[in-house]
Amino acid sequence: MSKFNTILIANRGEIAVRVIKTAKEMGYETVAVYSEADRDALHVALADTAICIGESAVDKSYLNIDNIIAAAQKTNAEAIHPGYGFLSESMEFARRCEQAGLTFIGPPSAAIAVMGNKTVARHKMLDAEVPLVPGYDGPSGDDQVLQQQADRIGYPVMVKAAAGGGGRGIRIVREPLKLKAEAESARAEALSSFGSSELLLEKCVEQARHIEIQIFADKAGHTVYLGERDCSMQRRNQKVIEEAPAPGMSDELRKKMGEAAVQAAKAVNYVGAGTVEFLVAQDGAFYFLEMNTRIQVEHPVTEVQTGIDIV
């Protein structure tokens, strides 16, 4: 494992404060970055060193890879913690850190690239024998092909942006006549939000529970799961309430899902904190949904349950 003494936190707000607190407890020097608008923010005051990385607009500051890496080099930081949001799931940011000789406190860029594309992730999970929702992840530009595949899968189907996340680029289609229009709508949103119009289809598992498994892995390949969080309570595909442990889950199902999450992480040589999300059908079958290749906003729920400082 790379040795480092100083960590630059490439974020702001609650998660930056959270990382600074734990880093200091572990004896590391901390560097805060800030935009011109955040000069007086709490994370700036708490860090050992603070450096401005640009104007108030996030694309000129917290999303500016060049400025962040330059700040790390200027302050002699050897490691960068991305927090969540902003560049935390950017394959390019992780790769640039690697190229600059900086320790990226998170997964390798290759792992982010695989899990950041739902189509590629499905292929990898199939190879790793992680349960998948029946679906189609081939070329998606031909509406006739999508129609044939949707008929094969059976309605209702989910149309999803392959490069998507955060509930965007997702449509539920309940009848064949609406597939073309919903696919076009999803393509447009996906292209606008993620720069890619690639789609995939999945069987819509109705009245399913949304369960996510917290995992942690080191560079030696040791991977553990730290329990689950039930995030079924959602509004517009956005999580509203998370609960741990998930109510009504048997120990057997919990173990099977935890082991599947570990399989998923190992399949991409994952390092650090991550979350593997599953759908759990009413009959108890569970299916891989996606992986968040970062520490999640909801990680304190698991910390309270386990007593482990995930940061």
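The values are calculated or read from the model by the stated rules, or taken from the named source; none is laboratory data. What you see is a predicted model; the values in this text were computed from it and never measured. Here the Cβ positions follow ideal geometry from the backbone for every residue, glycine too, while neighbour counts run over all protein chains shown.
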Quick one: is residue 276 in contact with a strand residue (DSSP E or B) (Cβ under 9 Å, 6 or more places away or on another chain), closer than 25 Å to residue 82 by Cα and not assigned by TED's automatic domain parsing to the domain that holds residue 172?
yes
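Here is a yes/no grid of residues against (1) surrounded by 15 or more Cβ atoms within 10 Å (Cβ to Cβ); (2) aliphatic (A, V, I, L, M); (3) modelled with pLDDT under 95:
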{"residue": "235", "(1), (2), (3)": "no, no, yes"}
{"residue": "239", "(1), (2), (3)": "yes, no, yes"}
{"residue": "248", "(1), (2), (3)": "no, no, yes"}
{"residue": "251", "(1), (2), (3)": "no, no, no"}
{"residue": "259", "(1), (2), (3)": "no, no, no"}
{"residue": "265", "(1), (2), (3)": "yes, yes, no"}
{"residue": "285", "(1), (2), (3)": "no, yes, no"}
{"residue": "293", "(1), (2), (3)": "yes, no, no"}
Restricted to the range 126-145 and to residues being buried (at least 20 other Cβ atoms within 10 Å of the Cβ) and in contact with a helix residue (DSSP H, G or I) (Cβ under 6 Å, 6 or more places away or on another chain), the residue nearest to residue 268 (Cα to Cα) is 130
If we ask which residues in the range 13-41 are assigned to a helix (DSSP H, G or I), more than 14 Å from residue 77 (Cα to Cα) and of a type in the set (A, V, I, L, M), their number turns out to be 5
Please indicate, with yes or no, whether at least one residue in the range 135-143 is touching a residue at least 12 places away in the same chain (Cβ under 8 Å), within 21 Å of residue 167 (Cα to Cα), assigned to a loop (DSSP other than H, G, I, E, B) and not small (Gly, Ala, Ser).
yes
Identify the single condition in (1) touching a strand residue (DSSP E or B) at 6+ places or on another chain (Cβ under 6 Å); (2) farther than 30 Å from residue 198 by Cα; (3) among the basic types (Lys, Arg) that residue 74 does not satisfy, given that it satisfies every other one.
(1)
Total residues in the range 31-47, condition of a type outside the set (Lys, Arg) and either loosely packed, with under 15 Cβ neighbours inside 10 Å or touching a Leu at 6+ places or on another chain (Cβ under 8 Å) (or both)
7
Scanning the range 200-217 residue by residue, those out of contact with any helix residue (DSSP H, G or I) (no Cβ under 6 Å at 6 or more places or on another chain) and of a type in the set (A, V, I, L, M, F, W, C) turn out to be 204, 205, 208, 211, 216
